[in-house]
Amino acid sequence: QVIKCKAAVLWEFNKPFSIEEVEVAPPKEHEVRIKIMASGICRSDDHVITGALVEPLPIILGHEAAGVVESVGQGVTSVKPGDKVVPLFLPQCGECKSCLNTKGNLCIKTDFGMKRGLMADGTTRFTCKGKAIHHFLGTSTFTEYTVVHESAVAKIDSTAPLEKVCLIGCGFSTGYGAALQTAKVEPGSTCAIFGLGGVGLSVVMGCKAAGAARIIAVDINKDKFAKAKELGATDCINPKDFNKPIHEVVMEMTGGGVDYSFEVIGRTDTMTAALACCHNNYGVSVIVGVPPAAQKITFDPMLLFTGRSWKGSVFGGWKSKDAVPKLVADFMNKKFVLDPLITHTLPWTKINEGFDLLRTGK
């Protein structure tokens, strides 16, 4: 059956969401329809609103969520109605080169970088006022019901609190994994993290879990420092407090640069600063923030020639369908906390207020 429900639709760039009644079609073969119970707000959603991340409109955004399976299409075997699940913006088909390679996680089935906004068969499951509405990253969680491909959903512990573990659908896993999976931070090492939003704080947690001795947190919003320290940062610095480039400050603080640096904002200037602040021979810098569309980086190749490594990390390097249930289990076993990453809880009809809080750094 078609389900009529409420969704937050983005009709135009740089405009607020409009809460609309939408029709959500039943799941087709190998698809799953989910009742969304909780959804986080991520800066990547805001990048679409501003046009920094180019997606087709109209669209239902949202990609960091948790919910309950409402119905399944033909051939679905990994989940059944009633299961608690996390939708995966980075699917895991288990068959493509990245899925089959132990080092890879960027499944070919992802809509990341494709900008199609449609299901695998080239159609959408959302209609509003007679118009087809696009999907976002194969998830679209700013709606009471959504449809995802079976490769883009993970069954989780039935006792998990959905309003917390929704963060494992993007922000927490992305940051925590960037430290543990992508960089493979070692005990006793030094780390620098640029950007202390939810993902940046999750990188701090990952560096601490890996046993880093020194964790330098960098942000222009000093209000973020107390929480960064609570989660494991040893030093907090604000680039506005210095008359010299921030990478020089970090180099001096550490006597030649950090072992690992992370850019968790999505700005080209901070990406090059993060690269420059890691040790010139064995330093590793990881790009975690989504780069803005149509921007290029110019940098001195000598930064790499002497031995530094520059890496990217999508979804923390985790293979999503395998990792998400394990991360939820780790959360249930108190291996890490999520509460400090949750600043506000709003009814979802106040989604525009939520985005205002995001934009003002609150």
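The values are calculated or read from the model by the stated rules, or taken from the named source; none is laboratory data. Keep in mind it's a predicted model, so treat the numbers as computed, not measured. With ideal geometry, Cβ positions are generated from the backbone for all residues, glycine too; neighbour counts draw on all protein chains shown. Only protein heavy atoms, including side chains, enter the accessible area calculation; ligands, DNA and RNA are left aside. Shrake-Rupley method; radii C 1.70, N 1.55, O 1.52, S 1.80 Å.
Put a dot 7 Å past the Cα of LYS184, heading toward its Cβ, do the same for VAL68, and the two dots end up 4.2 nm apart. Computed from label points 7 Å out along Cα-Cβ, the spacing between ASP121 and ALA329 is 3.5 nm. Candidate cross-link partners of LYS28 among the lysines, defined by an alpha-carbon separation under 18 Å and a same-chain spacing of 8 or more, comprise LYS4, LYS80, LYS109. Evaluating 6.51 cos²θ - 1.76 cosθ + 1.60 at θ = phi - 60° for every residue in region 216-233, the Karplus couplings come out as 9, 9, 10, 7, 8, 10, 5, 5, 7, 5, 4, 5, 4, 5, 4, 8, x, 5 Hz, glycine and proline recorded as x. Here the 3J(HN,Hα) profile of region 30-43, calculated from phi with Karplus coefficients 6.51, -1.76 and 1.60 at θ = phi - 60°, is 6, 10, 10, 9, 10, 8, 7, 9, 7, 9, x, 9, 10, 4 Hz, Gly and Pro shown as x. With θ taken as phi - 60° and the Karplus curve 6.51 cos²θ - 1.76 cosθ + 1.60 applied, the whole-hertz 3J(HN,Hα) list for region 166-181 is 4, 5, 6, x, 7, x, 5, 4, 4, x, 4, x, 4, 6, 7, 9 Hz, x standing for glycine and proline. Of ALA294, ALA329, ALA226, the residue with the greatest mean-square motion in the GNM of the chain, using alpha carbon springs below 10 Å, is ALA294.
Do any trypsin sites (Lys or Arg not before Pro) in region 284-330 lie in a DSSP loop with no more than 10 other beta carbon atoms within 10 Å, and if so, which? Hits after loop and neighbour filter: LYS296. Can you give me the Cα centroid spacing of region 22-73 and region 115-142 in angstrom? The two parts, judged by their Cα centres, are 8 Å apart. Considering all different alpha carbon pairs of region 183-312, the Kirkwood hydrodynamic radius works out to 14.3 Å. Annotation: lysines with alpha-carbon distance below 30 angstrom to LYS222 (same-chain offsets under eight excluded): LYS15, LYS164, LYS184, LYS208, LYS240, LYS244, LYS296, LYS311, LYS334, LYS335, LYS350, LYS362.
Whole number in Å², please: accessible area per residue of the chain, 1.4 Å probe, ligands, DNA and RNA not counted. Numbers along the way, then the final one.
Details: 15880 Å² over 362 residues.
Accessible area per residue: 44 Å².
Please report the base-10 log of the normalised intensity I(q)/I(0) for region 222-297, using a Debye sum with one equal scatterer per alpha carbon and no solvent, at each q in 0.13, 0.18, 0.26 (1/Å). Debye curve over Cα of region 222-297, log10 I(q)/I(0) at q = 0.13, 0.18, 0.26 Å⁻¹: -0.42, -0.80, -1.33. Per residue of the chain, the DSSP helices (runs of n ≥ 4 H) give a summed -39500 (n - 2.57) that works out to -6500 deg cm²/dmol at 222 nm. Remark: region 255-360 is approximated by an ellipsoid whose semi-axes, taken from the C-alpha gyration tensor as √(5λ), come to 32, 21, 13 Å, largest first. Note on region 183-312: with neighbouring protein chains present and a 1.4 Å probe, carbon and sulfur make up 54 percent of its accessible heavy-atom surface.
Only protein heavy atoms count here; under a 1.4 Å probe, ASP356 has an accessible surface of about 80 Å².
Grab the Cα-Cα distance for ALA294 and TRP11, subtract it from 0.36 nm times how many residues apart they are, and report the gain in nm with one decimal. The partial results should precede the final answer.
Values: separation 283, 0.36 × 283 = 101.88 nm, distance 2.25 nm.
Stretched out fully, the ALA294 to TRP11 stretch lengthens by 99.6 nm.
Taking a label point 7 Å from the Cα of ASP223 along the Cα→Cβ vector, which residues of region 336-358 have an amide N closer than 13 Å to it? In region 336-358, the label zone of ASP223 (backbone N under 13 Å from the point 7 Å along Cα→Cβ) covers 343-344, 356-358.
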